[in-house]
Amino acid sequence: METLIPIDSPFFLSGAELDDQPAWDMIFGTGQPLVLEIGCGIGDFAVTMANRHPGWNYIALDFYNKGCLKTCRRAERMGVQNLRVVRDEARAFLARCLRPASLQSIFINCPDPWPKRRQRKRRLVNEQFVGGLADYLLPGGSLYFTTDFADYGVDVARLMTRQKRFENALAPDLWRHDLTGYPRTKYMLKFMAEGKEIYFVHYHRTAEGQGRGLYE
Ligand SMILES: C[S@@+](CC[C@H](N)C(=O)[O-])C[C@H]1O[C@@H](n2cnc3c(N)ncnc32)[C@H](O)[C@@H]1O
């Protein structure tokens, strides 16, 4: 089991210590649109995005303590104001700490691929999970999924076509191998250096509303 290094940072929130349905506006000190990154790792993408979009309130979520610590340190170095790092499990956090239709965007970059066939049921992103994510997105809000693992990318791209509450922002493509302007994460860079392609999938929550994604 991972030894928990105490994280002393104004950016850090332990999921276990968060109230049910916390007042995010109060936590961030502003009522800006809320964005969630699931599995932020070392926080390279999170800090870049929070810095690039000061009009967002960015929640960087991971259950990996050292990753949360590195994300906090990176945020401190960059001096971003609109980022909080939460250590928690994604499904538990969503159910307990976010209201329906509260998120402008959700980013999931290079989730653990569980490459062996017998392990695939452990993958975080599956039909049931994305169906649930639709509940948390605002109408027109974006879901971005990326992976360096071809089988996972194709699988998610296909299962998304069966989701009634999402529409494909990249149509007619089911996925692309590049989205201009989308920051590369540590894992993306590692696999790109090995000559692998990244799969980018981008959907909008179907809606009455507008709200276009940023990277198309
Ligand atoms: C392969 S790493 C990718 C990290 C980063 N997104 C990147 O692309 O460099 C996957 C990350 O997701 C986190 N993770 C996996 N399952 C999770 C879950 N159910 N809840 C929260 N974090 C999770 C892991 O701890 C890990 O940091």
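Net charge near PRO183: determine it from the other residues with C-beta under 14 Å of the C-beta of PRO183, scoring Lys and Arg +1 and Asp and Glu -1. Before the final figure, lay out each step's value.
Values: positive: ARG52, ARG74, ARG184, LYS186; negative: GLU37, ASP44, ASP178.
After counting each charged neighbour, the total is +1.
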How far is it, in nm, from the label point at ASN51 to the one at ALA207 when both lie 7 Å from their Cα along the line to the Cβ?
2.8 nm
For the pair LYS66 and LEU18, how long in nm is the line joining their label points, each one 7 Å along Cα→Cβ?
2.4 nm
The chain - mean residue ellipticity at 222 nm from DSSP helices (-39,500 (n - 2.57) per run, n ≥ 4, rounded to 500):
-8500 deg cm²/dmol
Have a look at LEU174, LEU34, ILE106 and report the one farthest towards the positive end of the charge dipole of the chain, computed about the Cα centre with Cβ charges (Lys/Arg +1, Asp/Glu -1).
LEU174
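Please go through region 165-202 and write out the GluC sites (Glu not before Pro) that DSSP classes as loop and that have at most 16 other C-beta atoms within 10 Å. Please list the in-between numbers first.
Values: sites: GLU167, GLU194, GLU197; in loops: GLU194, GLU197.
Those that pass, being in a loop and sparsely packed, are GLU194, GLU197.
Suppose R0 equals 30 Å. What FRET efficiency, 1/(1 + (r/R0)^6) with r the Cβ-Cβ distance, do MET26 and ALA95 give to the nearest 0.05? Don't jump to the answer; show the numbers that get you there.
Values: r = 21 Å, r/R0 = 0.69.
With R0 = 30 Å, the Cβ-Cβ based efficiency is 0.90.
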Relative contact order of region 23-205 (C-alpha contacts under 8 Å, at least 6 apart) in percent is 20 percent
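Test of understanding: what is the full-extension gain from ASN126 to LYS196, defined as 0.36 nm times their sequence separation minus their Cα-Cα distance?
Details: separation 70, 0.36 × 70 = 25.20 nm, distance 2.25 nm.
Here the answer is 23.0 nm.
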Would you please classify the overall shape of region 108-200 from the alpha carbon gyration tensor, given that a ≥ b ≥ c denote the square roots of the eigenvalues, rounded means a/c under 1.5, and beyond that prolate means a/b larger than b/c while oblate covers the rest?
oblate
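FYI, it's all coordinate maths here, none of it is from the lab. Note that the structure is predicted; figures quoted are calculated from it, not measured. Cβ atoms come from the backbone with ideal geometry, glycine included; neighbour counts cover every protein chain shown.
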